[in-house]
Amino acid sequence: MKLYHGSLYEIKNPQYGVGKINNDYGQGFYCTENIELAKEWGCSDAQDGFANEYDFDADNLTVLDLGDSSYTILNWLALLIKNRTFEIRSEISFAAKEYLLKHFLIDYEKYDLIKGYRADDSYFSFANSFLNNTISLQKLNVAMKLGKLGEQVVLKSEKSFSKLNFVRTHISSKEVYYPKKVKRDLDARTLFSKLKIQGELTEGIFMVDIIRQGVKNEGIQSILS
């Protein structure tokens, strides 16, 4: 498979054990199979970037695919809570964080590779709204598909790094790709704003309901099916 890593730098030899630990799925090498997304993620408003291209052999690797039917949006959210900083506004949101970590967190560090949503600023705000009990589970599930913000592939193990081979870099022009990134995020936020005001506040299952009813992963799957 082809993987692309968006960056302000050319990265020919990604190093295992290097990088920020507070990314979505912890420390790892964050890629996408979509070169256009990598170009958007690679540039800034002030600087051109790169989409670093790699050949990748995923054979014999353990893969955690959060898009698989075995998992729900709350497994993804628990991973995000584990690794990112959320705004805790109330006792309910604190209880929500603890509940999700206890009942929905996957033992993700044992996998070589993780595939799942990328928590752009807009996605992160959607998740934060659910955690703070201002949108329902059903609306969160719909929100994750808004704006087509993309899926990321994260290399987690030394074994997975050994299967990555640099091919070339593609220039990401800030004049072309930064406006695309901004528009994609804005489109998602606009659709989310419309989604939030649709229906009554009492519609759907909220985080406080999940806690009170003691709902686990199987229950979430039945609610969303």
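Key figures
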| read-out | value |
| --- | --- |
| Sulfur and carbon atoms: percent of accessible area, region 1-80 [1.4 Å] | 44 percent |
| Fully extended contour minus Cα-Cα distance, from residue 1 to residue 162, at 0.36 nm per residue | 56.5 nm |
| Residues with amide H under 5 Å from that of residue 65, placed H, sequence gap 5 or more | 115 |
| Residue-wise HN-Hα coupling along region 107-115, computed from phi with Karplus coefficients 6.51, -1.76, 1.60 (Hz; x: Gly, Pro) | 6, 6, 6, 7, 8, 7, 9, 10, 10 |
| Most to least packed among 93-102, 166-175 [average Cβ atoms within 10 Å] | 93-102, 166-175 |
| Sequence-distant residues sharing a close amide H with residue 172 (under 5 Å, placed H) | 49, 50, 51 |
| With Cα atoms, 0 to 90° folded angle of helix 121-131 axis to the chain main axis | 20 degrees |
| Hits among aspartates and glutamates - C-alpha to C-alpha of residue 183 under 14 Å, sequence gap 8 or more where chains match | 36, 40, 45, 120, 121, 175 |
| Spin-label model distance (nm) - residue 175 vs residue 187, 7 Å beyond Cα toward Cβ | 2.3 nm |
| Karplus 3J(HN,Hα) series, Hz, for region 161-168 with 6.51 cos²θ - 1.76 cosθ + 1.60 (x for Gly, Pro) | 4, 5, 9, 9, 10, 5, 10, 6 |
| The chain: calculated mean residue ellipticity at 222 nm from DSSP helix runs of at least 4, using -39500 (n - 2.57) | -12500 deg cm²/dmol |
| Sites residue 35 and residue 222, calculated FRET efficiency, Cβ-Cβ separation with R0 41 Å, nearest 0.05 | 0.60 |
| Crossing angle, helix 91-103 versus the chain [Cα axis fit, 0-90 degrees, rounded to tens] | 60 degrees |
| Cα-based shape type of region 91-225, given that a ≥ b ≥ c are square roots of the gyration tensor eigenvalues and the cut on a/c is 1.5 | oblate |
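The values are calculated or read from the model by the stated rules, or taken from the named source; none is laboratory data. Given the structure is predicted, the values throughout are model-derived calculations rather than measurements. Note: ideal-geometry Cβ built from the backbone for every residue, glycine included; neighbour counts use all protein chains shown. Just the protein is used for accessible areas: all its heavy atoms, side chains included, with ligands, DNA and RNA removed. Shrake-Rupley method; radii C 1.70, N 1.55, O 1.52, S 1.80 Å.
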